[in-house]
Amino acid sequence: MIKVLVPVEADLASSIALRYVCQIAKLIETEILTINVRASSSEEYPVGTGWVRHTWEKTMIREAEDDVRQLIRAERANCPTLGEPMVVLGDRDDEILKELQSGSYSLFLEGTIPTFSSSYFTKRLQSPLYHSMPCPFIMVKNLMPLTRALLVLSDGVDGRRLIQTFTDTFKKAVLPIDLFYLKFQEKKDEGPEKEKLKDATDLLQQQGWVAEKSDVLYGSPHELAERLEEYGLLATVLGRSLKKGSPLQEFLVATLSPILLFWQ
Amino acid sequence: MRILCAVDENSYSEYAIRETARLAINTWANVTILAVHHDTALMTRAAARDLDLVETLRRYRELFLTHFQESGSPYDTKRCGYELIMLANGVWEDLYLCRSSMKELKVRLRAGNMSKSILAEAKKDASDLIVLGCDHDKGCTWKHEAALPKKVVNGANCSALVVTARKKIKEILCCLDQESVSQETLEMVNQMVTIHKARLKIVGLSKGKELKPDVDKSMQFILDYYLAREITPSISIVDTSELESFLAQESEQALIALVMGKKSLLSKTLSKKKVDKLVEASRSSVLILR
């Protein structure tokens, strides 16, 4: 069983995230925990101490619970395993990180609606929460049917770590997968990519998985993102020191599919 | 639904006819094909009969009807045959009856100012949608009245679709008036997605960093609406300050559908001039929904 943490608020991004995690739960045994962190807004509303503060906090938590419960109740029709949310007061990312660090989670999953400018996605990846992420994470940009996943190799991607983490996360799920080596350039003479691809394919087989398609694909990040848009999940490995404007990062910004990432 | 397809004798109008037929197959709309002759002096009854434009209109009617050969035409006027009709209790007669078509297909010719005549016909006919093509090589113009497409798009009280023949439409990009989206609007976009077998991208407009809560809620409703129809749209958020550049980039390959309700954020953001610019520069079709 995998244990997944999903932050929820009463909004579209959370609704998409919940529906997506429920698709995962249909593939593998999944314990879904939801967390709602409500900013205490203590600067805006000075509160007292003792029972005054305590009562105020309880009211805040009740309000948050009502909003989010309504969302979860709506999604529970298709996903009966969704439980009641944890409601916490505090800084959103800090509280989520605390929970991730103390709760032995296998996966973190968050709804991240794409924006025209790429800055939000990049900033989110560079945020302290993501930077200190103790487990793999999925950024759900859109609600895509999880019927096929793509493992993305590219220059600088540790294929061994990619396959190990993917197969650890999805264990024995019945999920067709493809494995592509993305070269963000015009097609040139073959380099070591074919060999790396073969090593990764062999490694997948050792783990009991078979890549139905595997190939080296050439093109710009945008071209490849458009070409590979039908996947319900893209998985790859990123270096913690994100290089601004690296082709792999540009590809991840441009793709509409949910992406499973782990740090190198 | 009533569709007005405005045509002239140029090849771009053929694409407008084809697009109208595709829409009509799915919606069984009442359709008017309208041509306007710019020379009013020619429009005596006898002269009208001899106009090349009349022949063109008749050709367009045939072209429109060819799209219904397989599916059975709701515009077929030749529904004649014997039907057993009850005359009185216990008395029937097998009568030869001719029934009129289920839906109207009118072919009309007007004379006068072209854009004004199209708008007048749309108003008189209570059209829901005006469809027209244009010459994209010359910045979306018409031969006898260059600015006609822009005048019609901006002057119409109903929705307007400017069709391009350039590329296959792979994506419908829909900037919706998220605070109040009508069922008809959602359905029209649904039809376009189905006709073109295209992907749907829904764009929510934000002012500043985040979506307003009511816009966010409305986007959830829209997402559910399409998911229930087995269309999985992708979603994107665009700040109003970036809208123009976003549309310019996307109009390279997507059909742009803009909901321009009177109170919509989109109407406030995109002035008539900006809509003109979009129609003029777009390399793909543009649908203005009202």
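Scanning the stretch A:96-120 for residues that are of a type outside the set (Gly, Ala, Ser) and within 14 Å of chain B (Cβ to nearest Cβ), which turns out surrounded by the fewest Cβ atoms within 10 Å (Cβ to Cβ)? So the residue we want is A:Tyr120.
Residues in the stretch B:207-225 that are open to solvent by less than 60 Å² (accessible area, probe 1.4 Å) and within 10 Å of another protein chain (Cβ to nearest Cβ): B:Leu211, B:Val215, B:Asp216, B:Ser218, B:Met219, B:Gln220, B:Ile222, B:Leu223. Considering the stretch A:135-158, and only residues there that are open to solvent by 20 Å² or more (accessible area, probe 1.4 Å) and out of contact with any Ser or Thr (no Cβ under 9 Å at 6 or more places or on another chain), the residue that is nearest to the other protein chains (Cβ to nearest Cβ) turns out to be A:Thr147. One residue stands out in the stretch B:231-240 among those that are facing chain A (nearest Cβ under 10 Å) and surrounded by fewer than 20 Cβ atoms within 10 Å (Cβ to Cβ): the one that is farthest from A:Thr255 (Cα to Cα), namely B:Asp239.
Among the residues examined, B:Lys201 qualifies as open to solvent by less than 60 Å² (accessible area, probe 1.4 Å), among the basic types (Lys, Arg) and within 14 Å of chain A (Cβ to nearest Cβ). Among the basic types (Lys, Arg), open to solvent by 30 Å² or more (accessible area, probe 1.4 Å), touching a helix residue (DSSP H, G or I) at 6+ places or on another chain (Cβ under 9 Å) and modelled with pLDDT under 95: is that true of A:Arg73 in this structure? No, not satisfied. Of B:Asp94, B:Asp137, all but one fail to be over 14 Å from the mean Cα position of the chain (by Cα) and in a strand (DSSP E or B); the exception is B:Asp94.
Answer yes if at least one residue in the stretch A:169-176 is under 16 Å from the mean Cα position of the chain (by Cα), modelled with pLDDT of 90 or more and open to solvent by less than 90 Å² (accessible area, probe 1.4 Å), and no otherwise. Taking every residue of the stretch A:169-176 in turn, at least one turns out to be under 16 Å from the mean Cα position of the chain (by Cα), modelled with pLDDT of 90 or more and open to solvent by less than 90 Å² (accessible area, probe 1.4 Å). Could you grab me the full set of residues in the stretch A:217-264 that are among the acidic types (Asp, Glu) and within 14 Å of another protein chain (Cβ to nearest Cβ)? Within the stretch A:217-264, A:Glu223, A:Glu226, A:Glu229, A:Glu230 meet the criteria.
The values are calculated or read from the model by the stated rules, or taken from the named source; none is laboratory data. As the structure is a prediction and not an experimental result, all values here were calculated from the model. As a convention, Cβ positions derive from the backbone with ideal geometry for all residues, glycine included, and neighbour counts pool all protein chains shown. With ligands, DNA and RNA removed, areas are computed over all heavy atoms of the protein, side chains included. Shrake-Rupley method; radii C 1.70, N 1.55, O 1.52, S 1.80 Å.
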